[in-house]
Amino acid sequence: KMSSGAADLRQRKKQNCTESDKMAPEERNKENSKLGRSPKYMLIQRFAKLFFGCLAAVTSGMMYAVYLSTYHERKFWFSSRQELEREITFQGDSAIYYSFYKELLKAPSFERGVYELTHNNKTISLKTINAVQQMTLYPELIASVLYQASGSEEVIEPVYFYIGIVFGLQGIYVTALFVTSWVMSGTWLAGMLTVAWFIINRTDTTRIDYSIPSRENWALPYFACQVAALTGYLKKNLNCSAEKFCYLLVNASTYTFMMMWEYSHYLLFVQAVSLFLLDSFALAQTEKVHEVYRIYLFSLIGGYLLQFENSALLVSPLLSLVVALMLSKSLQMNMKKSTFVSRLLKIMYIYLVLTVAVTLNILLKMFIPHKENEHLLKFIEVKLGLNTTKNFTMNWLLCQESLQAPSQDFFLRLTQSSLLPFYILVLIICLFSVTQVIFRRICGEPLKETVKLEDGRIGERPEIVYHVIHTILLGCLAMCLEGMKYLWTPYVCMLAAFGVCSPELWMTLFKWLRLKAVHPILLALILSMAVPTIIGFSLWKEFFPRIMTELTELQEFYDPDTVELMTWIKRQAPVAAVFAGSPQLMGVIKLCTGWMVSSLPLYNDDDLLKRNENIYQIYSKRSAEDIYKILTSYKANFLVIEDSICNEVGPVRGCRVKDLLDIANGHVVCEEGDNYAYSKYGRFCHEIKMNYSPYVNYFTRVYWNRSYFVYKINTVISFQS
């Protein structure tokens with residue numbers, strides 16, 4: 001029965017494709033004959049519109065990539081730097097990603113390089129890791145293959161090739177947003193406005209300025225391509241060839257996105273919830289929505305297999321939701337009739353899906369061993385006020401700017417560029433229209449097969465409803481965590497640009513206002529051209545000079561103390577030495593010198609998180625003996641103390657590393673708003689600089705400059721001072 005049902009479904013879809021392919025030319029020919037236009041004239045007009053729109057989209061992406069490259073060169077003077085000075089510009093986790101890219105290029109063969117990464121015991125002391133799985137190094141694997149296969153060794157340096165790929169992906173990101181807005185509005189003027197808003201609000205749309213190799217900079221361009229393809233796929237009356245192309249693009253981009261970023265399944269879960277709500281209100285073709293669910297399922301299975309059986313994908317909320325939706329599909333089939341019983345079934349369907357999804361997720365977590373991302377759940381509990389903790393790692397995460405609520409400056413910047421006001425206007429109009437459509441569906445009124453401009457029903461277009469729900473969900477996340485703004489703001493640019501350039505949106509507004517003095521269709525067409533033109537000119541006048549100043553102004557980034565430290569390590573430290581210090585600095589040491597380190601700036605592994613907390617104790621009020629025991633337990637030979645952390649004067653008291661350590665160690669007690677500090681020992685990073693016993697018994701200073709103090713960890717037999 002299931003096979004015959006699936007065959008019937010495929011047959012219906014095939015018939016729908018052929019019918020729409022046949023009906024569309026007939027309807028267009030009738031319309032053209034009324035307007036006195038020949039089919040040949042209309043074909044040329046459509047081709048010209050498509051050609052110039054694609055040209056504008058590709059040009060926008062290329063210009064943005066060139067802009068990023070030029071800005072990066074001006075900011076770091078990259079071409080005039082030595083290799084060591086260039087590598088220092090990669091900070092924290094970015095340094096680790098690029099260091100593995102270097103190791104792949106140095107390997108005698110690609111196969112050997114991959115093996116060394118999957119059985120890596122030369123990065124973290126006393127620990128063998130599968131770096132490809134743990135750090136999602138597929139971008140580095142692809143970049144190294146392309147660099148060697150293309151014969152670029154004699155043409156371009158590895159670092160330029162690497163950052164060039166990332167900048168190129170950002171160009172694709174912008175092009176995908178352009179196409180999405182164009183597909184929704186019908187005019188590539190919306191795409192131009194999307195790109196303009198994206199670049200002007202670059203501080204809030206991308207982190208490319210601060211962290212080039214980060215996973216999101218590799219992954220989000222593919223997600224933008226997936227969203228663009230999904231937008232086209234959800235459209236009504238799409239011809240069969242275009243529908244197949246969009247379907248294949250959604251397939252490819254979804255799977256690639258999942259392979260590029262370890263947190264991709266959470267973002268796809270938000271998208272799946274949007275599609276679930278879209279389908280629950282019967283605002284889209286159920287067959288299309290369930291095809292997307294199958295794509296999710298295929299991507300999760302493929303990702304699980306190729307990511308070395310990554311259990312985090314099996315216990316992800318995305319898998320539980322998709323399975324629940326597929327199990328509940330048979331019930332939804334009976335709800336398409338507009339009866340009171342069907343409406344009750346619809347409520348039961350939503351309840352059933354949510355219940356099955358939550359139950360399934362709990363069961364999977366009970367029976368499938370997993371450790372990945374458990375700290376995220378603990379963080380969410382503390383963030384929502386459901387729990388309190390003195391744990392150093394949790395409090396350190398809570399103090400990160402990206403994990404706090406967005407500041408007022410964020411909303412002020414969006415308002416100054418006119419983005420936020422127009423987004424709110426477009427969102428309100430679309431929401432009211434969608435609400436009207438849902439009310440009509442509840443009352444039993446069917447959706448129109450084709451929505452015309454004069455109807456003023458923009459809320460009946462499934463791709464529009466999807467984007468409205470999607471941006472609202474992402475917006476809710478962005479209101480809680482500032483780091484989520486990099487996911488939300490690009491789609492704010494796209495939705496706002498679509499709205500002001502869409503005659504249908506203006507027509508929907510005029511239908512409510514019941515304009516009679518002026519023909520509403522004519523006014524809608526005029527405003528859809530005039531408003532974005534005025535916005536574009538105002539943005540050009542105000543922000544273009546600032547952008548050109550950024551590109552012409554030479555900025556100096558030079559860190560001589562770090563350069564001197566790395567040079568000393570490469571010249572003086574033994575090859576087998578292990579260094580200990582802050583995780584961020586250890587990432588740079590690993591990249592610039594290749595020496596083994598005791599910790600890394602990674603936050604998806606409980607053991608590494610515990611290591612980071614233990615080694616951070618060098619900035620706490622602990623005894624020399626305690627610190628010595630901690631460091632030698634990780635076989636560390638050298639200790640690097642950063643003056644910037646030891647003498648940190650943070651803007652938020654209580655969020656400095658030493659404050660968090662004092663709280664975790666019980667060296668600070670809060671009573672009636674006052675903090676009382678007590679400890680038998682002084683702060684280790686201060687005391688060790690005094691060069692008195694017992695510190696000199698355990699540590700010997702071997703190098704120092706204005707920013708760093710390096711101590712050799714002595715080999716002692718007795719701990720007596």
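The values are calculated or read from the model by the stated rules, or taken from the named source; none is laboratory data. The structure displayed is predicted, hence computed values, not measured ones. Quick reminder, even Gly has a Cβ in these numbers, built from the backbone with ideal geometry, and neighbours come from all protein chains shown. For the accessible areas, the whole protein counts, side chains as well, though only heavy atoms, and no ligand, DNA or RNA atoms are used. Shrake-Rupley method; radii C 1.70, N 1.55, O 1.52, S 1.80 Å.
For G459, the conditions (1) open to solvent by less than 60 Å² (accessible area, probe 1.4 Å); (2) more than 25 Å from R514 (Cβ to Cβ) are fulfilled apart from (2).
Kindly establish whether L278 is surrounded by 17 or more Cβ atoms within 10 Å (Cβ to Cβ) and closer than 17 Å to L473 by Cβ. In short, yes. When residues of region 176-233 are filtered for being of a type in the set (D, E) and crowded, with 24+ Cβ neighbours inside 10 Å, how many remain? Of the residues in region 176-233, 1 are of a type in the set (D, E) and crowded, with 24+ Cβ neighbours inside 10 Å.
Residues in region 504-528 that are loosely packed, with under 15 Cβ neighbours inside 10 Å and in a helix (DSSP H, G or I): W512, L513, L522, I526. Of G587, G594, all but one fail to be of a type in the set (G, A, S) and open to solvent by 20 Å² or more (accessible area, probe 1.4 Å); the exception is G594.
Kindly indicate whether K635 is among the basic types (K, R) and at positive phi. So K635 passes the test. Please specify each residue of region 603-622 satisfying the condition of being open to solvent by less than 10 Å² (accessible area, probe 1.4 Å) and part of a loop (DSSP other than H, G, I, E, B). Hit for region 603-622 is S620, nothing else. Scanning region 305-315 for residues that are in a helix (DSSP H, G or I) and under 20 Å from the mean Cα position of the chain (by Cα) returns A312, L313. Which members of region 98-120 meet the condition of being under 25 Å from G581 (Cβ atoms), part of a helix (DSSP H, G or I) and open to solvent by less than 50 Å² (accessible area, probe 1.4 Å)? Passing the criteria: Y98, S99, F100, Y101, K102, L117. In the set (1) modelled with pLDDT under 85; (2) part of a helix (DSSP H, G or I); (3) surrounded by 13 or more Cβ atoms within 10 Å (Cβ to Cβ), the condition left unmet by A95 is number (1). Look at (1) surrounded by fewer than 20 Cβ atoms within 10 Å (Cβ to Cβ); (2) touching a strand residue (DSSP E or B) at 6+ places or on another chain (Cβ under 9 Å) and you find that T123 fails only one, number (1).
Looking at region 152-167, can you tell me whether even one residue there is farther than 30 Å from L453 by Cβ, open to solvent by less than 10 Å² (accessible area, probe 1.4 Å) and acidic (D, E)? For region 152-167, residues farther than 30 Å from L453 by Cβ, open to solvent by less than 10 Å² (accessible area, probe 1.4 Å) and acidic (D, E): absent. Those helices (runs of 4 or more DSSP H) of region 369-438 in which at least 1 residues are free of Cβ contacts under 8 Å to residues at least 12 places away in the same chain and surrounded by fewer than 18 Cβ atoms within 10 Å (Cβ to Cβ), considering only elements entirely within it, cover 374-383, 408-416.
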